[in-house]
Ligand code: DGL
């Protein structure tokens, strides 16, 4: 099927967190349009079962297909870990998640073969980061730590707060005690804690941001499939945002982190898809 190179890229997440991935796509692929969906009515996905995350992700993919997207980015780590492989078999457009790009870069970055992974329970317990990293080098040890308190702290905007630092120490110090030299920020929200975490772990630990690596992987994927927009975008609003609830709250958060003024966010009923 001949795809329209000017068609938008569908990006989805359980809520606002995936905006860290959208932000990297905006920075690195400025000629691409984006349709973003945040499942704000059903967030968080991080503690939910695989079946539920798969059901929600399928509905969102169906919605994005009605928007005639040319490719899909699963910006959510949990959905990438639990739903992506199944959905890839069900659709005929390219789809990528954030886990593989992050895992590959982490595997290449570690010197002492000890990588720390922080993420939601769903992501850490899925074992997918470990699986991909060990395909690259079976000697690498991946030490996972679920950090469920980070998501609400970030959504409260407590990015530099001493409470957040205390929580971060509880989660990350055991990984440091085990001698990691690389730490994967395996959840959409964690890039927003990057400077705090870098200070905590010290310069000798490399932080891997899957959001950034995914934008790079998307660039390669679009080129390989002749889907990169070779004409650029001229319209005033190349980015469209949809949510399943609380559109205004979403818009305020989006405006606090995006290099772009989000004027319109539309609420849809995702259960219809
Ligand atoms: N977007 C999710 C992730 O990256 C974090 C928020 C949630 O638990 O839904 O795993």
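The values are calculated or read from the model by the stated rules, or taken from the named source; none is laboratory data. Since the model is a prediction, treat every value here as computed from it, not as a measurement. Cβ placement follows ideal geometry from the backbone for every residue including glycine, while neighbour counts extend to all protein chains displayed.
See the values below:
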{"quantity": "Contacts under 6 angstrom Cβ, first residue in segment 174-191 being over 22 Å from residue 46 (Cβ atoms) and away from the ligand (no atom under 16 Å from the Cβ), partner modelled with pLDDT under 95 and assigned to a loop (DSSP other than H, G, I, E, B), 6 or more apart", "calculated": "none"}
{"quantity": "Pairs, first at positive phi in segment 57-77, second part of a loop (DSSP other than H, G, I, E, B), C-beta under 6 Å, six or more apart", "calculated": "68/7"}
{"quantity": "Unique residue being more than 20 Å from residue 120 (Cβ to Cβ) and in contact with a helix residue (DSSP H, G or I) (Cβ under 6 Å, 6 or more places away or on another chain) when the list is 28, 47, 4", "calculated": "28"}
{"quantity": "Residue within segment 162-173 that is over 28 Å from residue 253 (Cα atoms) and away from the ligand (no atom under 16 Å from the Cβ) present", "calculated": "yes"}
{"quantity": "Number of positions in segment 122-156 that are more than 19 Å from residue 101 (Cα to Cα) and surrounded by 14 or more Cβ atoms within 10 Å (Cβ to Cβ)", "calculated": "10"}
{"quantity": "Residue list for segment 185-222, restricted to those being in a helix (DSSP H, G or I) and over 23 Å from residue 157 (Cα atoms)", "calculated": "213, 214, 215, 216, 217, 218, 219, 220, 221, 222"}
{"quantity": "So residue 262, is it surrounded by 12 or more Cβ atoms within 10 Å (Cβ to Cβ), in a loop (DSSP other than H, G, I, E, B) and in contact with a helix residue (DSSP H, G or I) (Cβ under 9 Å, 6 or more places away or on another chain)", "calculated": "yes"}
{"quantity": "Condition met for residue 36 (more than 11 Å from the ligand (Cβ to nearest atom), under 15 Å from the mean Cα position of the chain (by Cα), in contact (Cβ under 8 Å) with a residue 24 or more places away in the chain and buried (at least 22 other Cβ atoms within 10 Å of the Cβ))", "calculated": "yes"}
{"quantity": "Filtered residue count, segment 223-256, keeping only those that are over 13 Å from residue 15 (Cα atoms) and either under 15 Å from the mean Cα position of the chain (by Cα) or part of a loop (DSSP other than H, G, I, E, B) (or both)", "calculated": "14"}
{"quantity": "Sole exception among (1) within 14 Å of residue 83 (Cα to Cα); (2) within 12 Å of the ligand (Cβ to nearest atom) for residue 50, by number", "calculated": "(2)"}
{"quantity": "Residue, nearest to the ligand (Cβ to nearest atom), within segment 119-141, restricted to residues that are part of a helix (DSSP H, G or I) and either under 20 Å from residue 179 (Cβ atoms) or over 18 Å from the mean Cα position of the chain (by Cα) (or both)", "calculated": "124"}
{"quantity": "Subset tally (residues that are more than 13 Å from the chain's Cα centre (by Cα) and either within 15 Å of the ligand (Cβ to nearest atom) or not in a helix (DSSP H, G or I) (or both)) for segment 60-81", "calculated": "6"}
